[in-house]
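The structure under discussion appears below in the form of structure tokens.
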There are 2 protein chains.
Amino acid sequence: MPTNNKPDKPAARYAYEGLDRLFHERARLSILTSLMAHPQGLVFNELKDLCALTDGNLSRQLTQLAEASLVEVWKGTKNNRPQTLVRMTEPGKKKFLEYIAQLEAVVNDAIAGEKATVNESLRPT
Amino acid sequence: MPTNNKPDKPAARYAYEGLDRLFHERARLSILTSLMAHPQGLVFNELKDLCALTDGNLSRQLTQLAEASLVEVWKGTKNNRPQTLVRMTEPGKKKFLEYIAQLEAVVNDAIAGEKATVNESLRPT
């Protein structure tokens, strides 16, 4: 995906272009991680509680994630009450794991940095 | 830190309240990880290249990070040219590592979810 205003130099060691806002925004990151942990899906209220989101916010985020084909939203009944079931799609799962790999790189870079020796800074990398 | 509109229930297993936007936004995450990897600091142009940011964007982000006392900004000269040196502060380093620990929890949750057995979903957790 081309980005505007950002020169894509090979020197951009810490640019993390893979941190797409679609995954990276906290509410959506919370929803997607919950769904990854529950492969058969979660009903709306379970998801709402796991993520500490309001009804309105969860609805908006799910619309956005469904439009991007990352999640599926199913209407049905459970215990005689109308329910909404949400599941990850297979492409959604794949793309999310790519995002998670990038997040893991950030964590490793930050931890490696903590251990970096003092003298190697100020030198252009 | 109290949050509005978000019930802080113990059930909110995936709420990740520690993912403060101050650290989590991609440009700032990029800047802070670069600085962690270079404990003696980086001059403005090095940081700009490592993060693939524009002058304007980097300046704005640094102002925000300095106002939050996460980074120090020093004016001086290097090779007879005026330069700006940026370094993490000690409290900034500590807070950023707390954020990184939370990010690591997300990564671990997502990876654990990938391996989760199919039958344990749909049950409220």
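None of the figures in this text is laboratory data; all of them are computed from the coordinates on show. It should be emphasised that the depicted structure is a prediction, and the values quoted were computed from it without experimental measurement. Positions of Cβ are backbone-derived with ideal geometry, glycine not excepted, and every protein chain shown enters the neighbour counts.
Brief remarks on what is shown
- Yes/no for B:Arg21 being within 22 Å of B:Lys75 (Cβ to Cβ), more than 7 Å from chain A (Cβ to nearest Cβ) and charged (D, E, K, R): no
- When the criteria are applied in full, A:Ala66 fails the requirement of being within 11 Å of another protein chain (Cβ to nearest Cβ) and either surrounded by fewer than 17 Cβ atoms within 10 Å (Cβ to Cβ) or aliphatic (A, V, I, L, M) (or both).
- Verdict on B:Ala112 being surrounded by 15 or more Cβ atoms within 10 Å (Cβ to Cβ) and under 24 Å from A:Glu104 (Cα atoms): no
- Per the listing B:Asp20, B:Asp49, the residue uniquely crowded, with 19+ Cβ neighbours inside 10 Å and acidic (Asp, Glu) is B:Asp49.
- Of all residues in region B:16-31, those satisfying the criterion of being farther than 20 Å from B:Ser59 by Cα and acidic (Asp, Glu) are B:Glu17, B:Asp20.
- Restricted to helices (runs of 4 or more DSSP H) entirely inside region A:18-125, those with at least 3 residues that are within 12 Å of the chain's Cα centre (by Cα) and touching a residue at least 12 places away in the same chain (Cβ under 8 Å) are A:21-24, A:26-36, A:90-115.
- The listed residue being over 21 Å from A:Ala12 (Cα atoms), more than 10 Å from chain A (Cβ to nearest Cβ) and of a type in the set (Lys, Arg), out of B:Arg28, B:Arg13, B:Arg81, B:Arg60: B:Arg81
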